[in-house]
Amino acid sequence: HNIAGLMNVHLYELQVAYLFGSYDTALEICHALSKHTQTFQWQLGTYAYLLYSGLTYLHAYSVKKRSKYLRSARQNLKTLQKWMKQGNPNCEPYYMLLKAEESVV
């Protein structure tokens, strides 16, 4: 019943799926996690979730050319940028990495 712990397990699954090229699996995990983002907010893993889900959405957009994936990635960028402007310096590396990947797409 530890939702935060379960969310972290799914985050690690997302990272592994993305890093090992299992992009369809990563996309499925993103869809499952997106239903629970309110529970996940403001945990340390939130930044990694926004990065890896954003990277997954950008990859899905580059392959499938569906604008909903690009919108989702840009929403992650917007969230990270907003948090940076609010004074959270931990967001900047994640934002910069995701922004760089967006420029490639």
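Miscellaneous remarks
- Counting only residues at least eight positions apart within a chain, or on another chain, the lysines with an alpha carbon under 27 Å from that of K64 are K35, K78, K99.
- K64 paired with Y12, simple spin-label distance in nm, labels 7 Å along Cα-to-beta-carbon: 2.7 nm
- In order along the stretch 48-58, the phi-based Karplus estimate (6.51 cos²θ - 1.76 cosθ + 1.60, θ = phi - 60°) of 3J(HN,Hα) comes to 5, 4, 5, 5, 5, 5, x, 4, 5, 5, 5 Hz; Gly and Pro are listed as x.
- Given (i) 36, 32, 22; (ii) 49, 27, 22; (iii) 103, 22, 20, the label whose value is Cα extents along the principal axes in Å derived from this model: (i)
- Per residue, the solvent-accessible area of the chain (1.4 Å probe, heavy atoms of protein chains only, all protein chains present) comes to 61 Å².
- Using a probe radius of 1.4 angstrom, the carbon and sulfur fraction of the accessible surface of the chain is 54%.
- Net charge dipole size for the chain [Lys, Arg +1 and Asp, Glu -1 on Cβ; Debye, nearest 20]: 520 debye
The values are calculated or read from the model by the stated rules, or taken from the named source; none is laboratory data. Keep in mind that this is a model prediction, so the values were computed, not measured. Note: ideal-geometry Cβ built from the backbone for every residue, glycine included; neighbour counts use all protein chains shown. Accessible surface is based on the protein model in full, side chains and every heavy atom, while ligands, DNA and RNA are left aside. Shrake-Rupley method; radii C 1.70, N 1.55, O 1.52, S 1.80 Å.
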